[in-house]
Amino acid sequence: MNLPPTDEQGRFLPELRTASIFSRYFAKAADITLGGFLIVVLTLAVLPYPWAALIGASWFMLTDWLGSPGKWLLRIRAVTLEGKPLGPVGSFKRNLVLALPTVSHALLVGGWIGLQGDGRKWDAGIVLCVGIVIVLGEFIGMVMQPESRRWGDVFARSCVVDR
């Protein structure tokens with residue numbers, strides 16, 4: 001007789017079913033759209049661009065802990081490999097890979113790092129290319145990894161499951 005897996009105290013762990021790549025993709029698209037909208041509203045209403053982008057990126061980094069609207073709509077959630085809710089550190093680690101190009105772009109456009117004048121176009125182009133490679137790598141990783149885990153999931157020791 002096969003019993004379900006248990007934790008250190010002998011309690012049965014819930015049966016977790018890996019979320020589909022389709023639902024993960026559309027949940028992330030909804031989160032990025034909402035995050036972009038947040039950046040635009042903050043920029044137009046209150047803050048200069050680099051600060052608004054950094055606030056939007058911070059929200060993006062913590063969505064798995066605070067609650068992702070896209071994941072909520074598609075009834076999925078990010079959890080640790082043990083099935084526990086993802087905390088702030090896990091959420092930060094999980095989204096760090098995708099947030100690096102966003103934060104770098106905000107710093108470049110704001111003029112805080114990089115070359116001045118026309119050189120800034122080259123910096124932004126390099127950041128864009130690196131961002132595209134990262135996103136493609138994340139997608140390929142999702143397709144190739146067991147349980148559809150992307151690089152951020154491997155780094156954070158997490159997975160995305162159906163609710």
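The values are calculated or read from the model by the stated rules, or taken from the named source; none is laboratory data. Keep in mind it's a predicted model, so treat the numbers as computed, not measured. Glycine gets a Cβ as well: all are built from the backbone with ideal geometry, and neighbour counts include every protein chain shown.
Overview of results
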quantity: Any hit, the range 147-162, residues being farther than 22 Å from residue 29 by Cβ and at pLDDT 80 or above; calculated: yes
quantity: Close pairs from the range 124-140: first in contact (Cβ under 8 Å) with a residue 12 or more places away in the chain and assigned to a helix (DSSP H, G or I), partner aliphatic (A, V, I, L, M) and crowded, with 16+ Cβ neighbours inside 10 Å, Cβ under 8 Å, at least 6 apart; calculated: 124/108; 124/109; 127/108; 134/97; 134/98; 135/98; 138/97; 138/98
